[in-house]
Amino acid sequence: LATDKRIDGKAISAQVLSEVAEQVGQLQAQGVHPCLAVVLVGDDPASQVYVKNKLLRAAEVGILSVEHYLPAQTSAETLLSLIETLNEDAKVHGILVQLPLPQGIDEIQVLEAIKPIKDVDGFHSSNVGGLSQGRSVLQPCTPSGCMRLLNQVRADLSGMHAVVVGRSNIVGKPMAALLLQANCTVTLVHSKSRDIKSLCQMADILVAAVGRPEMIKQDWLKPGAIVIDVGINRVEKEGRSRLVGDVDYADVLDKVEAITPVPGGVGPMTIAMLMSNTLAAAQKQHKLLSIS
Ligand code: NDP
C-alpha cells in the first residue's frame, strides 16, 4: 500500500521525545535538572514561532528553560557577554541562539563563543570538526533527525549509495558526514553540479535539502529509493497556501521504497533531536555520558 511507504516523522519524533522524557526523569532523580537557554535577538515572527515551539517541547519532556529576548539593536558585545554568562552557569546545559541574527552581528563569532559542550545546535567548529572525524559530539539537529528516520527504514545503511542534494552548513554537509559515518557511499550535489538528475538516479538513499518546491520528480529516482525530504517551501496551490517539500511526493510515491512527507516528516524530528542533544549535554556535563 502506498501509505505504508510514508515515514511518519510525527510518530517517530514522539518516540524520541518519550525516550528523552524518561531519561530526563532519571537525571532529575539524581538531582540533575537539564536546562536549555534560548536566546532570541530581534522580533522576526518566524523565529518567535520556532522559539515558542522549542520551549513548549522542552516543558513537555521536563527540560527546564531560560529565555533571553534581546532587542534587534543589541550590540555584539552585549550578546557575547550574555553567552559568556550562560557558558559559566553550571545550571545551564544547552545554549541555543536562534538564527538568523540581525544584520551587523557576526553569526560565526557568536556561534563560536558558545562552549562546545553546551552547543546543542552542533554548529560550533569544534563540533563540526569532531563530526567530520567521526567523534561522538553534539550533532546538528536536522541531519541527526534524518538519520533517525533512515534507521527506522533500515538499521544498517552500509554500502548504500546516498546522494545529498544541497551543501549548506546546517543540513547538507553534516548530513553527508553522518551518512559517511554510517558506511554509505556519499555523493554531495549542489547548484554547480553537472547533470544533477543522473546523479540522483544513482541514489539508494536520496536526501533533498535544496529549498526548491517539488524539484525532484519520479524520473530522477532509482526504483526502490529511500527518500528524505528536508525542504520546506510555501507555495500557492489550488488557490491556497500550502507547504511542499523539494520532492514531488505524489509523483514519486509509486517508485520509492519509503519517503518522508512534508509536513510531518523531517520537521518534527528537528526539535526532538534538540531535546535529545540538551539531555546528552546535561549527561556529559555531569559525567554521565562520554561525548567529547
Ligand atoms: P540553503 O539555501 O542554505 O542551501 C541550499 C542548498 O541547495 C545549497 O547548497 C545550494 O547549492 C543547493 N541548491 C540550490 N539550488 C539547487 C539546484 N537547482 N540544484 C542543486 N542544488 C541546488 O538551504 P538549507 O540547507 O538551510 O535548507 C534547505 C531546505 O531545507 C529549505 O527548504 C529549508 O526550509 C529546509 N529546512 C528544513 C528544516 C527542517 O527542520 N525540516 C531545517 C533546515 C532547513 P550552492 O551551495 O551551490 O548554492
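With angles folded into 0 to 90 degrees, how steeply does helix 172-181 sit against the dominant principal axis of the chain? Use alpha carbons for both and round to 10.
80 degrees
Work out, step by step, the length gained on full extension between N87 and S193: first 0.36 nm times the residue separation, then minus their alpha carbon distance; give nm to one decimal.
Extending this stretch completely gives an extra 34.1 nm.
Test of understanding: in a Gaussian network model of the chain with alpha carbons linked when under 10 Å, which of K54, K118, K197 would top the mean-square fluctuation ranking?
Greatest mean-square fluctuation among the candidates belongs to K197.
With +1 on each Lys and Arg Cβ and -1 on each Asp and Glu Cβ, how big is the dipole of the range 30-120 about its Cα centre, in debye rounded to the nearest 20?
Value, rounded to 20: 380 debye.
Assuming a viscosity of 1.306 mPa s and a temperature of 10 °C, what translational diffusion coefficient in µm² per second does Stokes-Einstein assign to the chain, Rh being the Kirkwood radius over Cα pairs?
It diffuses with D of about 80 µm²/s by this estimate.
Go through K118/K192; K192/K255; K173/K255; K54/K91; K52/K173; K173/K237 and tell me which ones have a Cα-Cα distance over 24 Å in this structure.
K118/K192; K192/K255; K173/K255; K52/K173; K173/K237
With angles folded into 0 to 90 degrees, how steeply does helix 9-29 sit against the dominant principal axis of the chain? Use alpha carbons for both and round to 10.
Taking the Cα atoms of the chain, the angle to 9-29 is about 20 degrees.
Quote the relative contact order of the range 141-268 in percent (integer), defining contacts as alpha-carbon pairs under 8 Å separated by 6+ residues.
Contact order relative to length: 22 percent.
Averaging sequence separations of C-alpha pairs under 8 Å and six or more residues apart, then dividing by the length of the range 200-284, give the relative contact order as a whole percent.
It comes to 28 percent, rounded to a whole number.
Calculate how steeply helix 266-285 sits against the longest principal axis of the alpha-carbon atoms of the chain, using the helix alpha-carbon long axis, and give the answer as 0 to 90 degrees to the nearest 10.
The angle comes out at about 40 degrees.
Reachable aspartates and glutamates from K197, Cα under 20 Å, same-chain residues fewer than 8 places away excluded?
E214, D219, D229, D246, D248, D251, D254, E257
Mind jotting down the distance between the C-alpha centroids of the range 1-38 and the range 40-113, whole Å?
Spelled out, the Cα-based centre of one part sits 22 Å from the other.
Percent antiparallel among DSSP beta bridges with both residues in the chain, to the nearest 5?
Roughly 15 percent of the DSSP beta bridges within the chain come out antiparallel.
Given the options R194, R212, R240, which has the most mean-square fluctuation in a GNM of the chain, springs set between C-alpha atoms less than 10 angstrom apart?
R240
No value in this document is a laboratory result; all are computed from the given coordinates. As the structure is a prediction and not an experimental result, all values here were calculated from the model. Cβ: placed from backbone, ideal geometry, glycine included. Neighbour counts: every protein chain shown.
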